[in-house]
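To start, the structure itself, in structure tokens.
Read-outs: derived from the displayed coordinates by stated rules, not from any lab. A quick note: this is a predicted structure, and the numbers were derived from the prediction, not measured. Cβ sites come from the backbone with ideal geometry, for glycine too, and all protein chains shown count toward neighbours.
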Amino acid sequence: MTRFAGKVALVTGGASGIGRAASIRFAQDGARVFVADLNLAGAEAVATEIGESARAIQVDIADAASNRAMVDAVIAGAGRLDIAFLNAGYYGMADGLDTVDEALFDRLIAINLKGTFNGIKAVVPVIAAGGAVVVTASAAGVIGHPANPAYSAAKHGIVGLVKSCVDAFAARGARINAICPGGVLTPLIGVADVAILPPDDLDRVPNRGMGGAQHVAEVALWLASPAAGFVNGQAQVVDAALLSTFAPILLPVGP
């Protein structure tokens, strides 16, 4: 496919997981890809895996100047920016409210919510007309997450931020949407990255099952494509129906 031929795509968090899958798939569909990550060696490995159409950039999304430098590098290297997949994030170690201290809360907000804000602010002045921004939120940005309420608060904030920035991007002839994955098998939960498949060969995810990084990446590519030109300011849930109904209720067993 060449649906992104002549386009320039930036992917943050591109060293692994969803970001890696999206970087590879954008390149396969014709885009020149800038793979950005705090882990520069990991980003370079993905860029090498892609080939000449990719370049690695180091970025600390929690830092505004680093985001601006990242976008400046894209413009200096390619002369334009058509697609930004602001995917980088951080979950942290938490198992309930009692395990979330102020330091972890601040870190989760700084990376996930402030980091998204920084990325949006850096991208909006340069995004090309007809361009698209996709931001990784989470199913935890739609419902609460008792194990990590700070993460959920940050992801809820991302959804609100994306919806609030529609007009700013529309003024440049561009769109912005969020994507809200459910459970995904990625290095974030200790699962190694896997080979990228032709999209038609991806397995159907069982009801309320765990998806793969590429399942989410394919939706991100669609949201960034002209085929999604009628989709703007939305939080697209990708979760194998995890949030579609009330959780099953275990009824008490009689005597």
Convex hull volume per residue for the chain, taking Cα atoms only, in Å³ | 135 Å³
Long-range lysine pairs (8 or more apart or interchain), the chain, Cα under 16 Å = 4
Computed helical MRE - 222 nm, the chain, DSSP H runs ≥ 4 contributing -39500 (n - 2.57), nearest 500 | -10500 deg cm²/dmol
With just the Cα atoms of the range 79-145, tell me how far they stretch along each of the three principal axes, in Å, largest first.
-> 47, 22, 13
Helix 40-50 versus the longest principal axis of the chain: what angle, 0 to 90°, nearest 10, using Cα atoms?
-> 70 degrees
Considering only DSSP states other than H, G, I, E and B, which GluC sites (Glu not before Pro) in the range 37-114 qualify as loop sites with at most 12 other Cβ atoms within 10 Å?
-> 52
For the range 86-94, just list the computed ³J(HN,Hα) in residue order, Karplus coefficients 6.51, -1.76 and 1.60, θ = phi - 60°, integers in Hz, with x standing in for Gly and Pro.
-> 7, 10, 4, x, 8, 9, x, 9, 8
Report, to the nearest 10°, how far helix 149-164 tilts away from the longest principal axis of the Cα atoms in the chain, using its own Cα long axis and a range of 0 to 90°.
-> 50 degrees
Give the angle, between 0 and 90 degrees and rounded to the nearest 10, that separates the Cα long axis of helix 64-78 from the longest principal axis of the Cα atoms of the chain.
-> 50 degrees
